[in-house]
Amino acid sequence: MESIYNLYLYFDPDDRCDRVGYAAHDLDGDDDVGRQLLQKNVKADLQRATKVKLSRPFTRHEYNTRCRLGTERELFDEALSHAGAGQGPLVLVSPVIKGRVTYNYSSQLGEFDVGEASLAAGEHGQMVDWFTKYVTSEGARFDKLINDDYFAAIRLTYQKGLYVSSMKLLLSCIDSLAYVEYGDVRAPSSFIRWLRDYADLAPLEITAEELWELRNGLLHMSNLNSSQVRASSVRRISFRVSGARLKLPDTGSIHYFEFRGLIDVIGLAIGSWIESYNVDREKIHKFVERYDETVSDASGHDQAAAVALTDRPGLRCLERAPELGRSCHHVQPGSGRKMCATRMLPPAQAWSAGRTC
């Protein structure tokens with residue numbers, strides 16, 4: 001005889017769960033019998049569930065991310081401990097919204113498949129899941145992911161002599177990686193924070209604030225005159241493309257830096273940023289959560305479906321809850337598996353430059 005549990009995650013209108021409910025049953029049979037028993041009593045158990053207030057609430061986005069990583073039990077283990085559950089109990093986890101069990105996809109714990117979830121949610125189109133493509137049993141290939149999603153296009157436009165377009169893509173890449181790291185923050189922007197934390201701009205003789213204003217001018221207006229530059233609050237900077245890498249004289253109105261030099265600096269910064277995930281393994285949760293929002297045309301995949309998925313009610317899991325710390329079939333933060341932290345730069349000969357801009 002063992003105890004099995006229906007677990008309920010109560011999400012408020014802000015998609016935040018600060019309470020988990022549980023209802024126990026005695027099982028004298030195998031797991032198939034237990035699953036049928038829990039599914040049969042989902043609605044009835046909701047009315048009698050014992051509610052536990054969590055010391056650390058979580059959002060639905062965080063829950064979906066943990067399902068991706070197979071570490072969702074960490075979010076509601078407090079409730080299982082309150083219930084006196086032993087190691088690896090059979091549980092059925094159901095999201096509750098406005099007093100009703102609400103879900104659009106069922107899976108076993110640690111086996112969340114974005115493709116299946118997208119189909120279950122009624123999304124159209126075919127999507128290659130970046131997580132299953134770049135995270136394997138050997139580790140997370142973040143270097144290849146970022147190369148495919150960003151640097152491939154930066155390199156292509158650079159080689160074709162479309163330098164302004166290439167610079168726009170590079171600045172947008174910094175924007176995207178900074179959002180993954182810090183979220184949507186202001187004063188200073190995530191762009192400036194990321195550069196301050198990971199990039200050494202000293203060889204270019206520019207600052208993170210100046211590059212931010214170049215970004216604002218180029219991406220919004222295709223010029224060098226952001227509002228802060230117009231107000232003379234920040235120095236106007238621009239770039240040149242030249243194999244000679246000679247320092248241009250300061251005209252007093254524009255400071256020039258070498259485009260390829262910035263590529264080198266950002267490549268090294270990305271390497272340092274990726275290495276930070278080996279230092280702080282907990283960061284992987286926010287990485288997956290925020291990267292799931294990314295829209296990309298790398299390898300022909302369309303991740304817009306992933307954006308839609310995060311706006312859905314949630315996932316429902318049925319399985320024996322894994323022991324805390326169990327390795328999942330993708331990647332387990334803190335397991336000792338090292339993520340790749342190679343330089344992001346392509347071979348030097350792939351970057352040809354023929355003129356100054």
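The values are calculated or read from the model by the stated rules, or taken from the named source; none is laboratory data. Quantities reported herein were computed from a predicted structural model and do not represent experimental measurements. Heads up, the Cβs are rebuilt from the backbone with ideal geometry, glycines too, and the neighbour counts pull from every protein chain shown. Side chains included, ligands, DNA and RNA excluded: accessible areas come from the protein's heavy atoms. Shrake-Rupley method; radii C 1.70, N 1.55, O 1.52, S 1.80 Å.
Treating only the Cβ of Lys, Arg, Asp and Glu as charged (+1, +1, -1, -1), what charge dipole size does segment 1-72 show about its Cα centre? Round to the nearest 20 debye.
It works out to roughly 380 debye.
What do you reckon, how do Met167, Met1 stack up by accessible area (1.4 Å probe), largest on top? Intermediate values should be presented prior to the final figure.
Numbers: Met167 0, Met1 165 Å².
The ranking, largest first, comes out as Met1, Met167.
To check my understanding: the extent here is largest minus smallest coordinate of the Cα atoms along each principal axis. What are those three numbers for segment 162-267, in Å, largest first?
That gives 38, 31, 26 Å along the principal axes, largest extent first.
For Lys53, give me every one of the lysines with a C-alpha distance below 18 angstrom, ignoring sequence neighbours fewer than eight places off in its own chain.
Lys98
What whole-number distance in Å separates the alpha-carbon centres of segment 156-195 and segment 3-74?
40 Å
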